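J.: This is the structure, below, for whatever I ask next.
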Amino acid sequence: MKSKKEKDKRIRVKYRKKEVISGYLFILPSLAIFMVFMIVPIFMGLYISFTDYDGFKKMDFVGVQNYVDMFKDSYFLVSFKNNIFYTLFTVPATLILALLLAVAVNRGIRGSAVFKTLFFFPYITSMVAVGIIWTLLFNPTVGPINNLLRSFGISNPPGWLLSTTWALPAVMIVTVWKWMGYYMIIFLAGLQGIPKQLYEAAEVDGAGRVKKFFNITLPLLSPTTFLVLILLIINSFQVFDLINIMTEGGPGRATNVLVYRIYQEGFKYMHFGYASAEAYFLFAIILIVTGIQFWGQKKWVVY
């Protein structure tokens, strides 16, 4: 009897091994593609960041010189400052507007489905189309935005994309407009997970809308807010397409941000080593900021 049990156990172990091997064989093609196009380039890029490679000559190892040169490069420092300014505006503005829209739509007002579609539509619109349309809207002479401002008595409206003062704020406005609908949907999912009984109990205790919002909605929505905050900050440091379409980093250096600067150094000036160093600096910034967020979330996120 004992030998039969041992035999059955050996058969199960044998079949289990076959299943495991079969599973690894199924994922092998995807794993190979991931290794070739993701893992290998990551380590190659890290190595190149310590060289002066320009795409033609032999790679000469220069150590941390590229990283030292970054902080002496006025173009890089301006791009970093612009990116910080861009992040400090777009992240809170998008988060607050998306949250307010989600709360309004979640109340079940008439036509809420239509409003959800209208607010979400910019997100699914091509970034190229968005950039071109808003460039026309921001035209300082014939654009409808300045024409509207003139109709309100503003005789000297901003130059928007042609102004070193207003170009970056203009890009920020477009960013918030495009992304707030997407994050509204995420907040809606979080709102619909809050039990209605909590609001009913608060009403019995005499709580108004403001108290319910700050004492029930915001605390129970904190995990969703945490997710949105992480995604927004990461996206804000990776902005490229709108800058490339609308301003190309100009006028002057007014809208040059980190990713666009990396693109210029790598693909315009062929400084692949220096561009790789800037890219890994950006990676370090995102990693540190995200790590701080995960450390701090224990103090304000309610699960």
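The values are calculated or read from the model by the stated rules, or taken from the named source; none is laboratory data. These figures come from a predicted structure and were not determined experimentally. We place every Cβ from the backbone using ideal geometry, glycine too, and count neighbours over all the protein chains shown.
J.: If you check Leu25 against the conditions, is it out of contact with any Ser or Thr (no Cβ under 9 Å at 6 or more places or on another chain), more than 25 Å from Phe281 (Cβ to Cβ) and surrounded by 12 or more Cβ atoms within 10 Å (Cβ to Cβ)?
T.: no
J.: Please list, ordered by first then second residue, the pairs with beta carbon atoms under 7 Å, 6 or more apart or interchain, first in region 82-111 and under 30 Å from Lys196 (Cβ atoms), second surrounded by 14 or more Cβ atoms within 10 Å (Cβ to Cβ) and of a type in the set (Gly, Ala, Ser).
T.: Going by the 7 Å Cβ cut-off, the qualifying pairs are Val105/Ser112.
J.: Within the group Val176, Val142, Val78, which residue is farther than 18 Å from Val228 by Cβ and either surrounded by fewer than 16 Cβ atoms within 10 Å (Cβ to Cβ) or under 17 Å from the mean Cα position of the chain (by Cα) (or both)?
T.: Unique residue meeting the criteria: Val142.
J.: Taking Ile154, is it β-branched (Val, Ile, Thr), more than 16 Å from Val257 (Cβ to Cβ) and within 16 Å of the chain's Cα centre (by Cα)?
T.: No, not satisfied.
J.: Let me ask something additional. Limited to region 138-149, what total is found for residues that are without any contact (Cβ under 8 Å) to a residue 12 or more places away in the chain and in contact with a Pro (Cβ under 6 Å, 6 or more places away or on another chain)?
T.: 1
J.: Could you say whether any residue in region 253-269 is farther than 29 Å from Leu137 by Cα and not in a helix (DSSP H, G or I)?
T.: Scanning region 253-269 turns up at least one residue that is farther than 29 Å from Leu137 by Cα and not in a helix (DSSP H, G or I).
J.: Scan region 270-303 residue by residue and report those that are part of a helix (DSSP H, G or I) and more than 18 Å from Phe237 (Cα to Cα).
T.: Phe272, Gly273, Tyr274, Trp295, Gly296, Gln297, Lys298, Lys299, listed by residue number.
J.: Identify the residue in region 244-288 that is in contact with a Phe, Trp or Tyr (Cβ under 8 Å, 6 or more places away or on another chain) and β-branched (Val, Ile, Thr) and, among all such residues, is surrounded by the most Cβ atoms within 10 Å (Cβ to Cβ).
T.: For region 244-288, the residue satisfying everything is Val257.
J.: For region 45-69: of the residues being in contact (Cβ under 8 Å) with a residue 24 or more places away in the chain and of a type in the set (A, V, I, L, M, F, W, C), which is nearest to Tyr280 (Cα to Cα)?
T.: Leu46
J.: In addition: So if I check each of Phe43, Phe37, Phe56, which one is over 14 Å from Tyr274 (Cβ atoms), outside any helix (DSSP H, G or I) and not assigned by TED's automatic domain parsing to the domain that holds Phe267?
T.: Testing whether each residue is over 14 Å from Tyr274 (Cβ atoms), outside any helix (DSSP H, G or I) and not assigned by TED's automatic domain parsing to the domain that holds Phe267 leaves just Phe56.
J.: Does region 46-61 contain any residue that is under 28 Å from the mean Cα position of the chain (by Cα) and surrounded by fewer than 15 Cβ atoms within 10 Å (Cβ to Cβ)?
T.: Scanning region 46-61 turns up at least one residue that is under 28 Å from the mean Cα position of the chain (by Cα) and surrounded by fewer than 15 Cβ atoms within 10 Å (Cβ to Cβ).
J.: Examine region 87-97 for a residue that is more than 27 Å from the chain's Cα centre (by Cα) and of a type outside the set (A, V, I, L, M, F, W, C), and state whether such a residue exists.
T.: no
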